[in-house]
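Input: a single structure, listed below in structure tokens.
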């Protein structure tokens, strides 16, 4: 995937999006938590929408993990793969309960994800990385629009 310096640059840029505090792993767990909770409260439509978003986030995690492997590191769930330090913690998930608070947290998280992917695209010249990240950013923009629609419907 290019010269080693470019790989290090890409690795540093990708790590937070993978399993950092506000990365894809957090998004997956947060949406699953919310989907289960809302389903149990009779809000099936909202629950199914959040679970659908979580599945898309799982695909993002898989794609970024694949990039990490191509960059020569194992896709360890840490803030700084491949180092076995600062392992991922489920305390990163926002466990808000009222649906309005859930959606507000989700909207903030999607805005942060869009900003993160924009920073990656601005910082990384590696075309293989950019080709994976650009569609992920577009997905996050779509998620943001869905969440805003859900929020407006409350």
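Below is a table of values for the structure above.
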quantity: Flag for residue 66 being assigned to a helix (DSSP H, G or I) and modelled with pLDDT of 95 or more; calculated: yes
quantity: Residue 103 vs. criteria farther than 29 Å from residue 128 by Cα, at pLDDT 95 or above and either buried (at least 19 other Cβ atoms within 10 Å of the Cβ) or out of contact with any strand residue (DSSP E or B) (no Cβ under 6 Å at 6 or more places or on another chain) (or both); calculated: yes
quantity: Candidates 67, 11, 38 - the one that is surrounded by 20 or more Cβ atoms within 10 Å (Cβ to Cβ), more than 15 Å from the chain's Cα centre (by Cα) and either closer than 28 Å to residue 122 by Cα or free of Cβ contacts under 8 Å to residues at least 40 places away in the same chain (or both); calculated: 11
quantity: From the options 49, 34, 30, residue that is part of a helix (DSSP H, G or I), at pLDDT 95 or above and under 12 Å from residue 92 (Cβ atoms); calculated: 30
quantity: Subset of region 14-23 (residues that are in a helix (DSSP H, G or I) and either free of Cβ contacts under 8 Å to residues at least 60 places away in the same chain or surrounded by fewer than 20 Cβ atoms within 10 Å (Cβ to Cβ) (or both)); calculated: 16
quantity: Residue within region 115-131 that is crowded, with 19+ Cβ neighbours inside 10 Å and in a loop (DSSP other than H, G, I, E, B) present; calculated: yes
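The values are calculated or read from the model by the stated rules, or taken from the named source; none is laboratory data. Computed from a prediction, not measured in an experiment: that's the story for all the values here. Backbone-built Cβ (ideal geometry, glycine too); neighbour counts: all protein chains shown.
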